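The values are calculated or read from the model by the stated rules, or taken from the named source; none is laboratory data. Quick caveat: nothing in here was measured; it's all calculated off a predicted structure. Here the Cβ positions follow ideal geometry from the backbone for every residue, glycine too, while neighbour counts run over all protein chains shown. Calculation scope for accessible area: heavy atoms of the full protein, side chains included, ligands and nucleic acids excluded. Shrake-Rupley method; radii C 1.70, N 1.55, O 1.52, S 1.80 Å.
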Amino acid sequence: MDASSKSRSRKVSATHRPAQGQPLPHDSAARHVSGTAVYVDDMLEPEGTVHLAPGYASSATLGPIRLLDLDAVRKAPQVIRVLTAADIPGLNDCSPSLRDDPILADGRIEFHGQVIFAVIAATRDAARRAARLARIEIDEQEPIVTIEDALKANSEILAPYQFIRGDVEAGLARSPRRLKGSVHMGGQEHFYLEGQVSLAVPRENGEVVVYCSTQHPTEIQHCVAKMLARPDAAVVCECRRMGGGFGGKESQAAQWAALAALAASLTGRPAKIRLDRDDDMIMTGKRHDFRIDYQAGFDAKGKLRAVDATLNGRCGYSADLSLGVNDRAMFHSDNCYFYPQTRIFSRRLKTNTASATAFRGFGGPQGMLFAEQMMDSIARTLRLDPLEVRKRNFYRTGHDTTPYGQKLKDNIIAPLVEELERTSGYRARRRKIAAFNDQNDVLKKGIALTPVKFGISFTLTQLNQAGALVHLFTDGSVQINHAGTEMGQGLYIKVAQVVADEFGIPVDRVRITATTTDKVPNTSATAASSGSDLNGMAAKAAAGVIKDRLVDFAARHFNVARSKIAFAGGIAKIGSKTMTLGELAARAHSARVQLSSTGFYATPEIFWDRAKASGSPFFYFAYGAACSEVTIDTLTGELRIDRVDILHDVGKSLNPAVDLGQIEGGFVQGMGWLTTEELVFDSKGKLLTHAPSTYKIPTASDVPADFRVRLWKSKGNRADTIYRSKAVGEPPLMLAISVFCAINDAIAALKPGVIPPLAAPATPEAIMRAVNAMRDM
């Protein structure tokens, strides 16, 4: 090693900072803003690529297919072939659970937009035009569309389920005060910027590679293999990045991947499908909407004695992921509050609408909205400050257990809320708002401070595992592949930071390759906010194996104690010697030391006995709180969000810039669910809000101008998590419940002591209905 090399080495080492905890930009940030990030639809299409478009009965919702005339479709210009259920050689199913979701409808349709056939044509435009030429006649039956329809018909897709603690009826009977209520909340369209899209490329010997915008490449692999009646090993699924997923590409990317793979298999040509936005919204599932009916027993100070809640979830026509979603709604129906005696009962209702599916929070937001509405209603009844009622019912750390038997060992909600109460000026602002409302008849203000407690882990225990594959090259650069998918949430850069720190190199020396099933197999979905926890630990394990091999080699080769070997700034310090990591890797390679390794991680300690409704399904909890202030116009229902203060717990942040972005984005998405995003179906079950013209996601102008977000100064998560960080993907969405509660607070100012009949989303129309109802009381 020459003198100049030594000088460079010392300089790099002296300025090196660990990557973990640094606010580094997203690994694709520059490509995102310059438009050069490659998504599936941006990939160069192989020569001979054909294109698909789905076909459905545009005027019907439910019933047997009486006529399916595709002659005009087949004769249309540039059409190569038309696919029906009869063309599927294997299993006609794209369900992640109960095999109740056909890829192509066979004999009958169950909802408006269900795909009956698919057109293969030379161009996408030709395929879409041809799909409209089909003659389809349905013997129409009366559909079940709403929760009320399903309850009346006793229509269920899955068996009911419940948690019970104590004697809730006796607890209610003995309570000094009782309250009955219902909480209504709508669903939500994922509205990912990149729609559902897949490109399937046939290979030799019946193999196929599917490039898919999916959160679950292994699920795509399994679905395609079953459909083609081929082994899993004959199918590879790859995903470099998604333009958003939010749960909508966890299970529901499978149908479109399957159609592309079927077309590729039957034509021997690459095949691509990209859904039009309207088709995407009509044909794919949404967040589950809920009606939660409850009774609460409490004392004169609002302290709960008993809670009996029935969660009615609208699941659509097939099971999809509704078992887990409805279970998680139950898990989070307590939020931060201890229910001494309780019954949490869940009904999973079948309707003739597209199957509801995963959506950020996976049922948790619905459960929490109920808890917060109940707290507000108790406070209104007693004419108390809702925040005081909330605080009186908080779990006590290390003492109270959840309705499903898990003890809270990491509970920080009380001090976190106290800090936000102080820094947001909640008390003084509530007094000013009361004075404002006394002086104004038309405009009314409201404020609410609500907490979040969100369990981190898949509640299906077997999903809590991940794998990784790491290569160290002889120039000191590192390549990693892991099971997580990148959907804009910053997972790739976080895992790169972990690996960089394990080797003591700058993060720009680490490359993460596209997630693919032929490198890391048998993966779980990137969901449940577990991406960094699982894949970060798996990557750390793989890097650690290689690092141990290097240390063993260096100790032998240079006759140095292992304790005298360290890595930092791209430099390996071996006793008194220094060399670059690349130089050490090259020497180790010459000595036939393996520089590749797999890594594996399975979350410890968690367990869940669903039959007994008991266990500790969550490895830890993420906490946060938000204080929101709003103004409503009681003549028009218009809403303005004046100010938002957020304090959120991420443990020791792996990347504060990414985490802050996730908190802000999650909050705004939750705000959309609760204020502007309304799914409207007609009486036949046709979705009427299936385009940006009629379905309103939040825009930049909806984001409050005064938006204050801080990270809780945490001592760190438990020691056996990845660098003591906490998950941040889903929990922030539920901070937006504070906005809905603030709207309720503003409406309640019209008639103190009365509970506003406000349903979510609180659109201007919904606000006006509640305002008028209050005036009529």
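For the reader, a short list of remarks on this structure follows.
- Scan of the range 97-136 for residues that are over 28 Å from residue 49 (Cβ atoms) and either at pLDDT below 95 or part of a loop (DSSP other than H, G, I, E, B) (or both), ordered by number: 97, 98, 99, 100, 107, 110, 111, 112
- Within the range 664-688, the set of residues being without any contact (Cβ under 8 Å) to a residue 60 or more places away in the chain and among the β-branched types (Val, Ile, Thr) comprises just one member, 680.
- The set of residues in the range 580-617 that are of a type in the set (A, V, I, L, M, F, W, C), open to solvent by 40 Å² or more (accessible area, probe 1.4 Å) and in contact with a helix residue (DSSP H, G or I) (Cβ under 8 Å, 6 or more places away or on another chain) comprises 591, 600, 607, 608.
- Residue match in the range 674-688 (condition: touching a helix residue (DSSP H, G or I) at 6+ places or on another chain (Cβ under 7 Å) and within 14 Å of residue 735 (Cα to Cα)): yes
- Counted residues, the range 348-361 - those being open to solvent by 40 Å² or more (accessible area, probe 1.4 Å) and either over 25 Å from residue 103 (Cα atoms) or assigned to a loop (DSSP other than H, G, I, E, B) (or both): 0
- Residue check for residue 345: touching a strand residue (DSSP E or B) at 6+ places or on another chain (Cβ under 9 Å), among the hydrophobic types (A, V, I, L, M, F, W, C), within 23 Å of residue 735 (Cα to Cα) and at pLDDT 95 or above: no
- Any hit, the range 280-290, residues being under 20 Å from residue 210 (Cα atoms) and touching a His at 6+ places or on another chain (Cβ under 7 Å): no
- Test: residue in the range 280-300 that is in a helix (DSSP H, G or I) and over 23 Å from the mean Cα position of the chain (by Cα): no
- Boolean, residue 323 is among the aliphatic types (A, V, I, L, M), surrounded by fewer than 24 Cβ atoms within 10 Å (Cβ to Cβ), touching a strand residue (DSSP E or B) at 6+ places or on another chain (Cβ under 6 Å) and part of a helix (DSSP H, G or I): yes
- Restricting the range 415-434 to residues that are open to solvent by less than 40 Å² (accessible area, probe 1.4 Å) and in a helix (DSSP H, G or I), the residue that is farthest from residue 637 (Cα to Cα) is 416.
- Given (1) in contact (Cβ under 8 Å) with a residue 60 or more places away in the chain; (2) open to solvent by less than 50 Å² (accessible area, probe 1.4 Å); (3) more than 30 Å from residue 738 (Cβ to Cβ), index of the condition residue 620 fails: (3)
- For the range 221-237, the tally of residues that are out of contact with any Pro (no Cβ under 7 Å at 6 or more places or on another chain), over 18 Å from residue 355 (Cα atoms) and not in a loop (DSSP other than H, G, I, E, B) stands at 10.
- Among the criteria (1) hydrophobic (A, V, I, L, M, F, W, C); (2) in contact with a Leu (Cβ under 8 Å, 6 or more places away or on another chain); (3) crowded, with 24+ Cβ neighbours inside 10 Å, the one residue 228 does not fulfil is (3).
- Residue pairs whose Cβ atoms lie under 6 Å apart, separated by 6 or more positions or on different chains, with the first residue in the range 470-496 and crowded, with 24+ Cβ neighbours inside 10 Å and the second in a strand (DSSP E or B) and small (Gly, Ala, Ser), are 470/597; 482/468; 483/466; 483/467.
- Consider the range 444-462 and keep the residues that are β-branched (Val, Ile, Thr) and open to solvent by 10 Å² or more (accessible area, probe 1.4 Å). The one that is nearest to residue 649 (Cα to Cα) is 459.
- Selection status of residue 410, in a loop (DSSP other than H, G, I, E, B), over 30 Å from residue 342 (Cα atoms) and acidic (Asp, Glu): no
- Long-range neighbours under 8 Å by Cβ, at least six apart or interchain, first residue over 17 Å from residue 464 (Cβ atoms) within the range 321-335, second in a helix (DSSP H, G or I) and of a type in the set (A, V, I, L, M): 332/368; 332/371; 333/368; 333/371; 334/371; 335/368; 335/371
- Among the residues of the range 507-551, those that are touching a residue at least 12 places away in the same chain (Cβ under 8 Å), open to solvent by 30 Å² or more (accessible area, probe 1.4 Å) and charged (D, E, K, R) comprise 509, 511, 518, 519, 540, 547, 549.
- Residues of the range 656-689 satisfying the condition of being of a type in the set (D, E, K, R), open to solvent by 30 Å² or more (accessible area, probe 1.4 Å) and more than 21 Å from residue 624 (Cα to Cα): 678, 682, 684, 686
- Selection count, the range 326-347, where residues are under 27 Å from residue 686 (Cβ atoms) and open to solvent by 10 Å² or more (accessible area, probe 1.4 Å): 1
- Residue 153 vs. criteria over 32 Å from the mean Cα position of the chain (by Cα) and aliphatic (A, V, I, L, M): no
- Residue that is surrounded by fewer than 16 Cβ atoms within 10 Å (Cβ to Cβ), under 27 Å from the mean Cα position of the chain (by Cα) and over 30 Å from residue 217 (Cβ atoms), where the choices are 77, 160: 160
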